[in-house]
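These notes are about the structure you will find just below.
Derivation of every value follows stated rules applied to the coordinates shown; laboratory data play no part. All values derive from a computational prediction rather than experimental measurement. Neighbour counts run over all protein chains shown; Cβ positions are idealised from the backbone, glycine included.
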C-alpha cells in the first residue's frame, strides 16, 4: 500500500470541502488527476474510501480511519519540516492561525504586526472563523493555533486566557432602546440589523436567534465598522458588535449598550491541541501573544 503526501493532502482537502471538485481545486490539481489519485488509493487499500452522493462525498468507515491517520502523519511532517528548517536555513516558515471576530477587532492586528516585525522570516496565515469551527479545526489538526471565545467547548484543547470581551448593541439615539442600562437580545432580535460581512460574530448571533425561533433581518452587511456606525446613526438598523471594535464609534448620534445576557460577556482564549508539540514557529507566536496580552493572574512564568 503506497500513499504519498500529496494523496493524503488531497484526501483531506476533499473531505474538508465535501466535494472532489472543490478539493482538487484547493490543491491546484485537475479533476481527472485528483479522481485518479483517489481511485488509486481505494485500489491499493482494497476498500472504498468515499461515498458519492448528490451533495458531494462522505467518508466510509475506511475513509474515517484514513482521515485520522492522515492528519497525524501530515502534522508530524509539518513539525519535522519546521524543526529542520530552523536548523538548516534559519527561522523561516508559516503559522496557520484561526481567530474569531472579537480578537481581530480588539488586539490581534497590532500583536501580529509586532510579531512579524520581530521575526522577519516568519509569515502567518490568518483566517477569521466562528469559535466553534476553530475548536474543531484545531482538534482535527487543520490549524495549529486558534483564538476563540469561551462559548465554544474547549475541553479537548489546551487553552490560555488572553483577553475579555463584551458584546454591545449599537443604536441610534432616536431608537427605543436609547438610554437603557443594557439590552436583552430577545427584545431586539426582531429589529432591522446592520451587520459585518463575513464576520464570525454574525454566525454566532444567527445561532442565538435560531434558539429563540427567530432569524436576524440584516438590511445590509458591510466590511467597515465605521460604515456600520454611519448606517446605524441614520436609523437604518441596529448592530451588535464587539466592544473593542466600537471605540471609534463613540459619537453623539449613537448609543452603545451592553447585551444583558451572560453569553454577551466572553473570555478570549488562545488554544492548541498541545502547546508543547507545536512547531517552533507556532511556539514563538504563542509566547508572543501570551506576553503581549498578559492579564492579571495569567502571565506566563
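Structure summary
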quantity: DSSP bridge orientation in the chain - percent antiparallel, rounded to nearest 5; calculated: 60
quantity: 5 Å binning of all Cα-Cα separations within region 94-301, expressed as whole percents from 0 upward; calculated: 1, 7, 15, 18, 19, 14, 11, 8, 5, 2, 0
quantity: Angle in degrees between helix 108-118 and the longest Cα principal axis of the chain, rounded to the nearest 10; calculated: 50
quantity: Over region 5-81 - Rg/Rh using Cα atoms and the Kirkwood inverse-distance radius; calculated: 0.95
quantity: Helix 31-45 vs. the chain, principal-axis angle (Cα, 0 to 90°, nearest 10); calculated: 60
quantity: Which of 16, 133 has the fewest Cβ neighbours within 10 Å, and the rest in rising order; calculated: 16, 133
quantity: Inter-label distance for residue 251 and residue 74, nm, one decimal - labels placed 7 Å from Cα along Cα-to-Cβ; calculated: 4.6
quantity: Simple spin-label estimate for residue 114 and residue 127 in nanometres, 7 Å along Cα-Cβ; calculated: 2.8
quantity: Order of 271, 113 under a 10 Å beta carbon neighbour criterion, fewest first; calculated: 113, 271
quantity: The chain: most fluctuating residue of 19, 132, 260 per GNM, C-alpha cutoff 10 Å; calculated: 19
quantity: Tilt relative to the chain, helix 5-17 - C-alpha long axis, 0 to 90 degrees, to 10; calculated: 40
quantity: Taking 275, 193 and counting other C-beta atoms within 10 Å, the order from fewest to most; calculated: 275, 193
